[in-house]
Amino acid sequence: MSRGLSTAGDGEEGLRWSEFQSRLRGYVAGRVDPAWTDDVTGDILLRLLENKERLEQARNPLAWAYRVAANTITDHYRRRAVESRALAQAQAEAASSAPTAAAEEQQAERRRIEACLMPFILDLSAKQAEALVLTSFQGLSQTEAARRLGLSVSGMKSRVQRARAELKRRLLACCEFEMDRRGRVMGMLPR
């Protein structure tokens, strides 16, 4: 296959393919749950096959193959974490599908606050208002909002940060706020 990994007929210059597969499986088995060893090993072999030209051109093909293996294992753990969070969120949503009186009151309070803030937000520049509405009122993450608006994530984060700072400045100019020691608003009086 290459000078670092060889098929059975390539002689002694490299590691034989069957021996490599065995070592790779052992490498994976030491890093992932036994139930996932074969799947992750298969993913690694597939990536190596898809990148055969790069593997053959690598200065040290064996090291390159193990780097692919390490990256594939990292991707496996990322996928599993996303799946676990999604499952936990689905379970939490199922458990809380019947709103409690406290949750309903909290939603009502949120709607009242949003109604008070909306005139201030709509008075911001159109770009800043749009950024705040998407992220704070519609519940999109900054990444999702950036994708929707065709911006970079860092550009969206900057826009949201500037919009929040401007909103804060305008609120403080309009009203006097009473805060607790943690910085939470306890009350407010118009200036």
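May I ask you to list the residues in the stretch 28-52 that are hydrophobic (A, V, I, L, M, F, W, C) and outside any helix (DSSP H, G or I)?
Within the stretch 28-52, Val32 is the sole residue that qualifies.
Just checking, does the stretch 173-185 include any residue being aliphatic (A, V, I, L, M) and at pLDDT 85 or above?
Yes, that holds for at least one residue.
So which of Ala126, Ala163 is modelled with pLDDT of 90 or more and open to solvent by 80 Å² or more (accessible area, probe 1.4 Å)?
So the residue among Ala126, Ala163 that is modelled with pLDDT of 90 or more and open to solvent by 80 Å² or more (accessible area, probe 1.4 Å) is Ala126.
Being assigned to a helix (DSSP H, G or I), modelled with pLDDT under 90 and exposed (fewer than 12 other Cβ atoms within 10 Å of the Cβ): is that true of Ala98 here?
In short, no.
Looking for something in contact (Cβ under 8 Å) with a residue 12 or more places away in the chain and either touching a helix residue (DSSP H, G or I) at 6+ places or on another chain (Cβ under 8 Å) or more than 30 Å from Leu167 (Cβ to Cβ) (or both) - is there at least one such residue anywhere in the stretch 94-116?
Checking the stretch 94-116: at least one residue is in contact (Cβ under 8 Å) with a residue 12 or more places away in the chain and either touching a helix residue (DSSP H, G or I) at 6+ places or on another chain (Cβ under 8 Å) or more than 30 Å from Leu167 (Cβ to Cβ) (or both).
Out of the residues in the stretch 75-93 that are of a type in the set (A, V, I, L, M) and open to solvent by 70 Å² or more (accessible area, probe 1.4 Å), state the one that is nearest to the chain's Cα centre (by Cα).
Val82
For the stretch 53-74, give me each residue that is out of contact with any strand residue (DSSP E or B) (no Cβ under 7 Å at 6 or more places or on another chain), surrounded by 12 or more Cβ atoms within 10 Å (Cβ to Cβ) and in a helix (DSSP H, G or I).
Arg54, Leu55, Glu56, Trp64, Tyr66, Arg67, Val68, Ala69, Ala70, Asn71, Thr72, Ile73
The values are calculated or read from the model by the stated rules, or taken from the named source; none is laboratory data. Keep in mind that what you see is a predicted model, and the values were worked out from it rather than measured. Cβ atoms come from the backbone with ideal geometry, glycine included; neighbour counts cover every protein chain shown. Accessible surface areas use protein heavy atoms only, side chains included; no ligands, DNA or RNA. Shrake-Rupley method; radii C 1.70, N 1.55, O 1.52, S 1.80 Å.
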